Amino acid sequence: MNKFNKLIGILFNSIVFFGFSLSYTYSQSSNFNRDSFYYNYETNFLGSEIKDLFELNWTGNVNSCISGSISKKAHEKILQRIFYFRTLVGLKKHLEFDEEYSNYCQDAALMMKANNALDHKPPTSWKCYTTNGAFAASTSNLALGSWGHLGINSLIVDNGINNYFVGHRRWLLYPRNHKFSSGSTDNSLATYVRFRDNDIISPYPEFIAYPSSGYFPKTLIPNGLRWSFSKKRCKF
């Protein structure tokens, strides 16, 4: 059995996109094509891994309530990881990185780390509280105990008693999303999504399923956890 077939035996199901920058347009692709699956997984899932905290390069400080920043490369890889999951379920819409809101996300990520808690409506009594951070917390996906691309994985899995409806996953995979922002510390992540309800998507996906049909990486199937199925105008 060659290397390719061994990989297929471990991983099953995907879709490919080409190129990477802070603005994306995807070419037509198929999640039923093994070559596309292999290329997409290797290039855009494995390729979106932030190697370590040095590459993340978070410059903040909890003790001084400095939210800091992360490297451009880290922002790119976080966004690349999001887009990998979106292409995995068949979404190919043009999307962009929103730099302005990434600063707000950075404030929110600091607040979550500083208080070792997650709250979409953090009280003003919280350590390192800021208005911008509170705004981002109220409009972002939040993760604690993970950072960067690993935080995106956590949001997609969406485990926990409070995440029964996998809302974090649904927001990341919402077809109308057109801009994403992110902020990260070494132990927390905030991801802000923007969309326009009047955006025309043609054809609009009949549904979004996770896991999706076709080839799909076995390691990304939430074994024993929640699968999801979203359909326009349906409340489930």
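Quick notes on this one:
- Evaluated against (1) more than 21 Å from TYR101 (Cβ to Cβ); (2) surrounded by fewer than 21 Cβ atoms within 10 Å (Cβ to Cβ), ASP158 falls short on exactly one condition, (2).
- Which listed residue is over 28 Å from ALA134 (Cβ atoms) and of a type in the set (Ser, Thr, Tyr), from SER48, SER102, SER67: SER48
- Those helices (runs of 4 or more DSSP H) lying entirely in the stretch 80-191 with at least 3 residues at pLDDT 95 or above, in contact with a Ser or Thr (Cβ under 6 Å, 6 or more places away or on another chain) and of a type in the set (A, V, I, L, M): 99-115
- Residue match in the stretch 199-220 (condition: at pLDDT below 85 and among the hydroxyl-bearing types (Ser, Thr, Tyr)): yes
- A count restricted to the stretch 5-64 and to residues that are β-branched (Val, Ile, Thr), at pLDDT 50 or above and closer than 24 Å to ALA209 by Cα stands at 1.
- Hits in the stretch 61-87 (condition: crowded, with 17+ Cβ neighbours inside 10 Å and over 17 Å from GLU99 (Cβ atoms)): VAL62, ARG81, TYR84, PHE85, ARG86, THR87
- Residues that are of a type in the set (S, T, N, Q) and surrounded by fewer than 21 Cβ atoms within 10 Å (Cβ to Cβ), drawn from the stretch 32-60: ASN33, SER36, THR43, ASN57, THR59
- Subset of the stretch 88-118 [on the phi > 0 side of the Ramachandran plot and crowded, with 20+ Cβ neighbours inside 10 Å]: GLY90
- If you go through the stretch 151-167 and keep only what is within 18 Å of ILE50 (Cβ to Cβ) and free of Cβ contacts under 8 Å to residues at least 40 places away in the same chain, you end up with SER154, LEU155.
The values are calculated or read from the model by the stated rules, or taken from the named source; none is laboratory data. Keep in mind the model is a prediction, meaning the values are calculated, not measured. Glycine also receives a Cβ, built like all others from the backbone with ideal geometry; neighbour counts cover every protein chain displayed.
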